[in-house]
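Participant: Mind looking over this structure? Questions follow.
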Amino acid sequence: MSAESRAGFLRDGVLVMLAKALVGAGVWATGFRAVSDDDFARVVLSQTWAAHPKLDPTGTSWLPLPFWWCGGAMRAFGDTSLAFARGVAFFLGLASAVLVLAAARLLVRDRKAAMLGALLACAFPWSARLGVATVPELPTAALSLFGVATLASSSARLRVGGAAALLAACWSRYEPWPLAAAFVALQFLPLRLTAPVSLRGRSLASLVAAFGPAAWIAHNAMAHGDPLHFLARVSAYKRALGADDPWAMVGYPLALVREEPELWLAAAACAVLLRSRSFRRLRAPALALFAMVFALSLAAARGGAPTHHNGRALLAVWLLLAVYVGAALAEGFTVPGWRRVAVAAVAVLSLPVGALVLRPWYARLDAMSDRTAETRIGARARELAAAGPVLLEVRDFGFFAVQAGSGRPDLFVLDRTLDPRDPGAGSSFRDPEALRLRIAETGARYVLGAAAPTTLAWGEPLAASGLWGLWTVPPQSP
């Protein structure tokens, strides 16, 4: 890359980051705080890692890199608050936007067209929300897109860099694993979809990309005695939930078109109007992402896919689609005749038609999580009950928000588990005697739960937020 090209990329990168920051601020202003309880669970695990670092932060099926980067930042800055975790997520959203721009520059020859695609990738609903959420889907998707975008480059150094990006993605979430496999295959299959790179460069890139999944499989074999322990754990969890859906295999393809209809409408219209050969460099990434969606669909049919929103796993596809739409619109504005008018109409009408017609008709964006009351009472618990321990009522998975809001998950003792594989005992808050026994068992000095007869008898709480209250354990309780 020449000095002039680097300077241009830096200028464009600053503009893209500014756009992403404005989008994130807008999302935050609407009241959005979290996609699901998964956001808070990940913050709690990062807080725990910051206090006690270890190679595998969770010891479960969750991949380690997101906890390394968030927990590492917490440890480096000495701040384990939920606000800091959200700041890390915001920063990663900006970095992801620049990485998407880098991918667009590899896939689209025209600088302005790549810039427009990167700006669109900042703004569609799933990208906007995941750009501020404390889950790793946007950084993972950006790493994935950049990784497969290097298939369009003849630079061996860039190809290996793309493989390293895929390695990082594969240590963040599972959906990039088939993408890494496709990345390796496309470099050696005689399909002529990728730019020519030396055998040495392709081989090194393949080894780097494959190392991510291989290392995690090896870790599971050593730590759990089963190289596919993570897959067995996810399947067992879904079976325990009773989530047997005969239509699970079509969930991901349906989510692709249902949850971002404006992108698909614009992409389909541009494809019909332009039929340009200038987008041939997108073929290899598109094929790799198709392989990812197909693999996710197969995993869903076997009960091994994620239990959360399908759309979160598909973000890389929509990022590529946004890059294509931006580039196609930019090219369409330069073509002569009626097609320029038609492309302009697509640009003007796609958003209102999608938002006002398609979304109400068939599109869906799953409900987001609002745990403001829980995070507030968690913060108050840290101030008023710092000596702990605090017995925390587990009503639903909102207990993660309480812990995350406190910045001190070690302060709490849970009154029960919600793991469907290990039902355990019922809530200790069901009656005064059960609560008394649980307090005696845990040595709790405080109790945090929803106002109920078992706690209201103790008088006014030290602090309250919504349905939640914090009480000091009365002296007569053992």
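Participant: If you go through the stretch 232-249 one residue at a time, do you hit one that is aromatic (Phe, Trp, Tyr), at pLDDT 85 or above and not in a loop (DSSP other than H, G, I, E, B)?
Facilitator: No: zero hits.
Participant: Filter the stretch 125-146 for residues that are closer than 21 Å to residue 164 by Cα, outside any loop (DSSP other than H, G, I, E, B) and not acidic (Asp, Glu) and give the result.
Facilitator: Residues satisfying the conditions are 138, 139, 140, 141, 142, 143, 144, 145, 146.
Participant: Does the stretch 207-224 include one or more residues that are at pLDDT below 95, outside any helix (DSSP H, G or I) and either within 25 Å of residue 46 (Cα to Cα) or not charged (D, E, K, R) (or both)?
Facilitator: No: zero hits.
Participant: Within the stretch 58-84, restricting attention to residues that are over 12 Å from residue 136 (Cα atoms), touching a Pro at 6+ places or on another chain (Cβ under 8 Å) and in contact (Cβ under 8 Å) with a residue 24 or more places away in the chain, which residue is surrounded by the fewest Cβ atoms within 10 Å (Cβ to Cβ)?
Facilitator: Ranking the candidates gives 75 first.
Participant: Now, a different point. Considering only the stretch 8-124, give the helices (runs of 4 or more DSSP H) lying wholly within it that have at least 2 residues that are in contact with a strand residue (DSSP E or B) (Cβ under 9 Å, 6 or more places away or on another chain).
Facilitator: 37-51
Participant: Just give me the residues in the stretch 57-112 being at pLDDT below 95 and of a type in the set (S, T, N, Q), in sequence order.
Facilitator: 58, 60, 61, listed by residue number.
Participant: If only one of 124, 146, 183 is aromatic (Phe, Trp, Tyr) and either outside the structural domain of residue 283 (by TED's automatic domain parsing) or surrounded by fewer than 24 Cβ atoms within 10 Å (Cβ to Cβ) (or both), which one is it?
Facilitator: From the options 124, 146, 183, the qualifying one is 124.
Participant: For the stretch 400-412, indicate whether the set of residues that are under 20 Å from residue 462 (Cα atoms) and part of a loop (DSSP other than H, G, I, E, B) is non-empty.
Facilitator: Yes.
The values are calculated or read from the model by the stated rules, or taken from the named source; none is laboratory data. Note that this is a predicted model, so its numbers are computed, not measured. All Cβ positions, glycine included, derive from the backbone under ideal geometry; neighbour counts span all protein chains shown.
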